[in-house]
Amino acid sequence: MGRLAPSPTGLLHLGHARSFLVAWLAARSRGGRLCMRLDDLDRSRVRPEFEAACLADLEWLGLDWDGPVLKQSSHGAEWAAVAHELGQRGLAYPCVCTRREVQEAIAAPHGDGPSSPYPGTCRGRFAGPEEARQASGREPALRFWVAPGEVTIHDELAGDFSQAVAALVGDFPLTSRDGQAAYQLAVVLDDQRAGVSEVYRGLDLLESTPRQALLIEALGFERPRWWHLGLVTDAAGQRLAKRRDDLSLAALRTAGVEPERLVGWLAGSLGGAVAPEGSEPCTAGDLVAGFDGGKLSVAPLAFDAAARSLLKFAP
Ligand code: GLU
């Protein structure tokens, strides 16, 4: 089972198009199923118009999915209960730190900025959530207790990837202080619930994967297979972010780009996985029969002048 899991926190861009096209081809070329899940936990950034745009953009690309559109937020409370079970097993602990306190604690002694690990302020501090609530007058979040050492995951394209999660990230949140499941836990539980066994996503999410592997192990699940795909950049080599609305799929559509040209250009960047090779305009469906995931190579791809001309994109 594969999945398409856009976050409706902005407009999808060319990098999403490439990841979703590959996820779709990998499933459909083997007669496999795909679910559609909107990763909509970040309520401060999610907007209904982005949800609608994600679905419309993927349909425009010629991708489809099986079953209803799932929403990550619909399980927020249920998944938070799983976090509490991990707490009862001694694998997570209540944390009453605010975001600002974490930043200050990190910045004061080390001065290494916001990428430092959580300093462990609340580790071992309270017997349980109730004590944390009483002692602090705050609603606690739960943090996963990360043991020292390296966590190694296997990426189907790049091979093994190791990360010292405790040293780099530290104990990470399983719930937010408003009682909702946090992203890493929700992804693992949603994937498990839907039976997802294959995950295709951008290389920017590789650094999340060891945390997810820790949760998978703690929950007794099986790891899915992971493919982290090279990112699409702008002509200057800068990775596309949701703020690059000028290179969003919606902007391309509005500018009259034909989806067949875009699919052809993306297909031409997938190495020998697509037959016949080349960037000729085609539909996603045209690529299904000749797709060979074993030959996939997904190097970074620049949306440069040649690509603009191929797509006839001149906004
Ligand atoms: N929703 C995430 C994103 O769009 C992807 C989730 C995942 O692949 O784990 O960045």
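The values are calculated or read from the model by the stated rules, or taken from the named source; none is laboratory data. All of these numbers come straight from a predicted model, not from anything done at the bench. Using ideal geometry, Cβ is built from the backbone for each residue, glycine included, and neighbour counts are taken over all protein chains shown.
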Legend entry - Pairs, first within 12 Å of residue 35 (Cβ to Cβ) in segment 177-204, second within 11 Å of the ligand (Cβ to nearest atom) and among the polar types (S, T, N, Q), C-beta under 7 Å, six or more apart: 190/72
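Quick one: which residue in 180, 163, 134 is surrounded by 15 or more Cβ atoms within 10 Å (Cβ to Cβ), at pLDDT 95 or above and among the polar types (S, T, N, Q)? Steps first, answer last, please.
Values: 180 fails: at pLDDT 95 or above; 134 fails: surrounded by 15 or more Cβ atoms within 10 Å (Cβ to Cβ).
Only one candidate passes the filter, namely 163.
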Legend entry - Conditions (1) at pLDDT 95 or above; (2) not in a helix (DSSP H, G or I); number of the one not met by residue 22: (2)
Inset, instruction - For segment 167-174, state whether one or more residues are near the ligand (Cβ under 10 Å from one of its atoms) and surrounded by fewer than 21 Cβ atoms within 10 Å (Cβ to Cβ). - result: no
Inset, instruction - Scan segment 235-248 for residues that are part of a strand (DSSP E or B) and either away from the ligand (no atom under 14 Å from the Cβ) or touching a Ser or Thr at 6+ places or on another chain (Cβ under 6 Å) (or both) and report the count. - result: 1
Legend entry - Residue selected from segment 53-74 under the condition acidic (Asp, Glu) and assigned to a loop (DSSP other than H, G, I, E, B), by the criterion surrounded by the most Cβ atoms within 10 Å (Cβ to Cβ): 64
Legend entry - Filter result for residue 239 (of a type in the set (Lys, Arg), farther than 30 Å from residue 91 by Cβ and at pLDDT below 95): yes
Inset, instruction - Examine segment 166-187 for a residue that is in a loop (DSSP other than H, G, I, E, B) and under 29 Å from residue 299 (Cα atoms), and state whether such a residue exists. - result: yes
Legend entry - Breaking point among (1) free of Cβ contacts under 8 Å to residues at least 60 places away in the same chain; (2) in contact with a Gly (Cβ under 8 Å, 6 or more places away or on another chain); (3) part of a helix (DSSP H, G or I); (4) surrounded by fewer than 20 Cβ atoms within 10 Å (Cβ to Cβ), for residue 77: (1)
Inset, instruction - Collect the residues in segment 191-234 that are part of a loop (DSSP other than H, G, I, E, B) and away from the ligand (no atom under 12 Å from the Cβ), keeping them in residue-number order. - result: 195, 197, 220, 221, 222, 223, 230
Legend entry - Tally, over segment 44-83, of residues that are farther than 28 Å from residue 20 by Cβ and out of contact with any Leu (no Cβ under 7 Å at 6 or more places or on another chain): 3
Inset, instruction - Mind listing just one residue for me: the one in segment 89-123 that is of a type in the set (D, E, K, R), in a loop (DSSP other than H, G, I, E, B) and loosely packed, with under 13 Cβ neighbours inside 10 Å and, of those, modelled with the lowest pLDDT? - result: 112
